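Below: one structure, written as structure tokens.
Any read-out appearing in this document is the output of simple, stated calculations on the displayed coordinates, not a laboratory observation. Because the structure is a prediction, the values reported are computed rather than measured. Quick reminder, even Gly has a Cβ in these numbers, built from the backbone with ideal geometry, and neighbours come from all protein chains shown.
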Amino acid sequence: MENKNEEDLKALQLRFVGKVIAGFTHEIKNYLAIIKESSGLIGDMIKMGKLSEDDIPEYLDIIQSIEDQIGKATEHFTHLNRFSHRMDTQISAFNLNECMEELIALLNRFARQKKIVLETDFQQDLPPVKSNPSILQLLVFSFLEKKIAGLEKNGRITVRTGAVDNAVAVKIIPEGTFAEEDTDAGMTADKIRENFIKQLGGNISQGTAKETVITLPVHGV
Amino acid sequence: MTEEIKADVLLVDDEEQFLKVLSQRMEGRGLKVDTSTSGEEALEKVKGKDFDAIVLDLAMPGMSGIETLKRIRSEHPDLQIIMLTGHGSVEKGVEAIKAGAVDFLEKPADMNKIMEKISEAKRKRVLLVEKKREAQVKEILQSKGW
């Protein structure tokens, strides 16, 4: 049984990293495609002899669009870079909102594909948390994956953060119609989550209407 | 710039900025371009107009590219569909070809390559339409006993 849990945990970790990388590379390829076509369009316009002063606004629009795409791609790279570095150390002091924002940015594509809105509602000025951000992201991912798979299109999932006493909380609130009751990929998904939350010294509770609340002590395990 | 091609093309992609620049570049090469930002919209467009080629994104919110491809092919088997996508797996390419796509290009794609594929698609479509007409003429002649 222990081996089965270990296997399921590894499968979840691989699926998590695989999903993040697949989503990331797809987004980047889209930005690159727009940059490529935009720069190609500038070349086309020059070859067509569109070189009068009247053409300058059109050139500036295209250049702005290239800059916008580079900005979006850079933001995505920053998220992926931070996500990767969170695995460098086991325990660190981190900002919960930044940790969740990064995860949502990297997973947003999968929600969008299903026409599900993935949004955030963060309490500002949260205290820094001393814990394992990588495990927390994996834990939140395991719930988000399940809810994205289960919700029908035009649903919504809000990831809300908040602080109470010496703890912070992540609340995952799905809204919409659920097509499937339970979409956990592994039989031992709840056991894995229990294991994660034990490592983080926190607590998982179910709120109303399929809400999930993950609570973490601010000062760690 | 590549040689001009006269063809009616439908571009389907959920990225509006991509549609805007790609259609401008294609129009500069003589193509008549229509655009759709979803599979559902593309299905409506092909009902009212004949296109020589459709350039279709694979990963779109809602109705996926594969689903759109299958639906269009089932209602308009003559339409030539080229998949253009950021999803570069071999499995997806095979799935698209099996579902009836004539080609599979990966984003960012080379403009000359896209134009080449559109030109090929148009040629195939013209042949199919000619064959269909020939068969219709034969049928009429036979039914009249000529």
Open item on the list: Let me confirm one metric for peptide A:37-45, namely the mean number of other chain beta-carbon atoms within 10 Å of its residues' beta-carbons.
Closed with: 6
Open item on the list: Give me, ordered by chain and number, the residues 5 or more places off A:Leu151 or on other chains with an amide H under 5 Å from its own placed amide H.
Closed with: A:Ala179
Open item on the list: Please rank A:Lys147, B:Lys6, fewest neighbouring Cβ atoms within 10 Å first, as an exposure proxy.
Closed with: B:Lys6, A:Lys147
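Starting from 0.36 nm per residue, how many nanometres of slack lie between A:Asn154 and A:Ile70 once their C-alpha separation is accounted for? Could you put the intermediate results ahead of the total?
On the way: separation 84, 0.36 × 84 = 30.24 nm, distance 2.95 nm.
So the extension gain works out to 27.3 nm.
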Task: Computed FRET value (nearest 0.05) for B:Glu16 with A:Gln123, which takes r as the C-beta separation and R₀ as 30 Å - done: 0.35
Open item on the list: I want to verify a result. In a Gaussian network model of chain B, Cα cutoff 10 Å, which of these has the top mean-square fluctuation: B:Asp110, B:Asp52, B:Asp34?
Closed with: B:Asp110
Open item on the list: Please check: in the Gaussian network model of chain A (C-alpha springs, under 10 Å), which one of A:Leu60, A:Leu139, A:Leu200 has the largest mean-square fluctuation.
Closed with: A:Leu60
- [ ] Do me a favour and compute the ellipsoid semi-axes for chain B from its Cα gyration tensor, root of five times each eigenvalue, largest one first, whole Å.
- [x] 28, 18, 14
Task: Relative contact order (%) - the stretch B:8-143, alpha-carbon pairs under 8 angstrom, separation at least six - done: 20 percent
Open item on the list: At most 14 other C-beta atoms within 10 Å and a DSSP loop state: those are the exposed GluC sites (Glu not before Pro) I care about. Give me the longest piece of chain A that has none.
Closed with: A:1-151
- [ ] Go through the stretch B:79-88 residue by residue and turn each phi into a ³J(HN,Hα) via Karplus (6.51, -1.76, 1.60, θ = phi - 60°); whole Hz please, and just put x for glycine and proline.
- [x] 5, 9, 10, 10, 8, 10, 8, x, 8, x
- [ ] Pairs to check: B:Lys6/B:Lys47; A:Lys146/A:Lys198; B:Lys47/B:Lys70; A:Lys10/A:Lys114. Give those whose C-alpha atoms are more than 18 Å from each other in this structure.
- [x] B:Lys6/B:Lys47; A:Lys146/A:Lys198; A:Lys10/A:Lys114
Open item on the list: What Kirkwood Rh does the protein assembly as shown have if only Cα atoms enter the pairwise 1/r average? Answer in Å.
Closed with: 23.5 Å
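Sort A:Tyr31, A:Tyr59 so that the residue with the fewest other Cβ atoms within 10 Å of its own Cβ comes first and the one with the most comes last.
A:Tyr59, A:Tyr31
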Open item on the list: Could you list A:Ser84, B:Ser36, B:Ser64 so that the one with the fewest beta carbons within 10 Å of its beta carbon is first and the one with the most is last?
Closed with: A:Ser84, B:Ser64, B:Ser36
